[in-house]
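Each remark here refers to the structure printed beneath this line.
The values are calculated or read from the model by the stated rules, or taken from the named source; none is laboratory data. Being a predicted model, the structure only gives us computed values, none of them experimental. Counting neighbours? That spans all protein chains shown, and the Cβs are built from the backbone with ideal geometry, glycine included.
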Ligand SMILES: NC(=O)c1ccc[n+]([C@@H]2O[C@H](COP(=O)([O-])OP(=O)(O)OC[C@H]3O[C@@H](n4cnc5c(N)ncnc54)[C@H](O)[C@@H]3O)[C@@H](O)[C@H]2O)c1
């Protein structure tokens, strides 16, 4: 066998990346200049609502977008969001009233996951297109109801899968489409959440399956969407296992929340939320309205989601995936390898938060009987640069070509959560579960 040679190349935003690059306002056709501004409302004005959609949309798209209403069940948080976003539109706790009075073209849904369906459906019924955060919803009944409502109303649901937009994930998509490893046959995909970010899911509303659908749906649906997208196929069947080994009841001691805890000195997870001005303004200052504690104890007895999980997924195009998620790792990141008939494409991504200048993610391409090539993709901040590129696509460039199929609709939203929903069921029954039997949707392999 010929020994593997080593080559290195830096991927410098050329070629097809340029095709997907951001179109600036000055390069837009003039017909958009005199168009009326899009009337946008938001329900769920917490962290994601304000930081991903509120403040940046006001700052970046003020020339084409007007916020006309903000709604949250916590009036204090809605008012705080209004200040953070520097807008004067009215704030509401009554969603129907907001929709009736403000008549938005677009509704942004950034509430707790298990409540998305009610706002998505009613929002469309009251005349708006929907931009919803992932996961689209948390169970198969709500999923079906959203798909039916979209058909019935003729409105459109966009699911904001920002992970698709990071440059190195896009590069993986592009290389796979070029056929660099031949036909993809299997994938090894392992994701690690660290003792800061991972633990944070156990402090918040996410720790209850009735809110988040569990991390199988809330978090892993991001990863399942990436797989569905990279593989250009929908998932067909899932076998899964998962347990709670570290947080919740498994912890050494517990309290209601960090501020009231008597174990502050002994607990590695002690966190003083009041040191963060923004989080204090959003949550601590508004506890009086709903009692929600953003700094909940990660060892609370009521945690009812898994913190370690593994699944085997079969795709409609015959690809087998081996997936796992761990939520108490020393570092944050993931390993992925695509195995194909002509080689293997892999990446080990260690997320470092703030990026040093000229930081790269490295992909390794090994050809059967051939060479090994390292491909460097420049890193970017904000979910790997995905957040800003997604906003641009939605608000500035909705009709530019979608060269890498990054725009996601309700079917993509459904297929991502259905893997997690089937995994939950598989774990309970010990049997593998078919997407079609749970959802009534027949999985398809998509040709790009
Ligand atoms: N794409 C990503 O990378 C990403 C990152 C973070 C969060 N998210 C998603 O964004 C959404 C919001 O998450 P977050 O971290 O901002 O949570 P959060 O708790 O900060 O905000 C949720 C807000 O919804 C409000 N709310 C809950 N139920 C409501 C109801 N019935 N009516 C009106 N308001 C209600 C809460 O009061 C809160 O202000 C979630 O769906 C989450 O999955 C996505």
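Could you list all residues from the range 205-221 that are assigned to a helix (DSSP H, G or I) and surrounded by 22 or more Cβ atoms within 10 Å (Cβ to Cβ)?
Correct list: 207, 212, 215, 216, 217, 218, 220, 221.
Go over the candidates 224, 202 one by one and state the one that is surrounded by 21 or more Cβ atoms within 10 Å (Cβ to Cβ), in contact with a helix residue (DSSP H, G or I) (Cβ under 6 Å, 6 or more places away or on another chain) and assigned to a helix (DSSP H, G or I).
The conditions single out 224.
Is there a residue in the range 129-141 that is more than 15 Å from the ligand (Cβ to nearest atom), buried (at least 22 other Cβ atoms within 10 Å of the Cβ) and at pLDDT 95 or above?
No: zero hits.
For the range 129-153, which residues satisfy the criterion of being in contact (Cβ under 8 Å) with a residue 40 or more places away in the chain, under 25 Å from residue 50 (Cα atoms) and under 17 Å from the mean Cα position of the chain (by Cα)?
131, 132, 133, 134, 135, 136, 137, 138
For the structure I just gave you, tell me whether residue 131 is part of a strand (DSSP E or B) and closer than 15 Å to residue 160 by Cα.
Against the criterion (part of a strand (DSSP E or B) and closer than 15 Å to residue 160 by Cα), residue 131 qualifies.
When you scan the range 407-426, do you find a residue that is surrounded by fewer than 21 Cβ atoms within 10 Å (Cβ to Cβ) and farther than 15 Å from residue 160 by Cα, even just one?
There is at least one residue in the range 407-426 that is surrounded by fewer than 21 Cβ atoms within 10 Å (Cβ to Cβ) and farther than 15 Å from residue 160 by Cα.
So if I check each of 249, 171, which one is away from the ligand (no atom under 14 Å from the Cβ), in contact with a helix residue (DSSP H, G or I) (Cβ under 9 Å, 6 or more places away or on another chain) and either part of a helix (DSSP H, G or I) or in contact (Cβ under 8 Å) with a residue 60 or more places away in the chain (or both)?
Within the list 249, 171, the selection yields 171.
Return the residues of the range 142-166 that are within 11 Å of the ligand (Cβ to nearest atom) and within 18 Å of residue 114 (Cα to Cα); say none if nothing qualifies.
Hits for the range 142-166 are 159, 160, 161.
From 83, 2, 73, which residue is modelled with pLDDT of 90 or more and over 18 Å from residue 278 (Cα atoms)?
73
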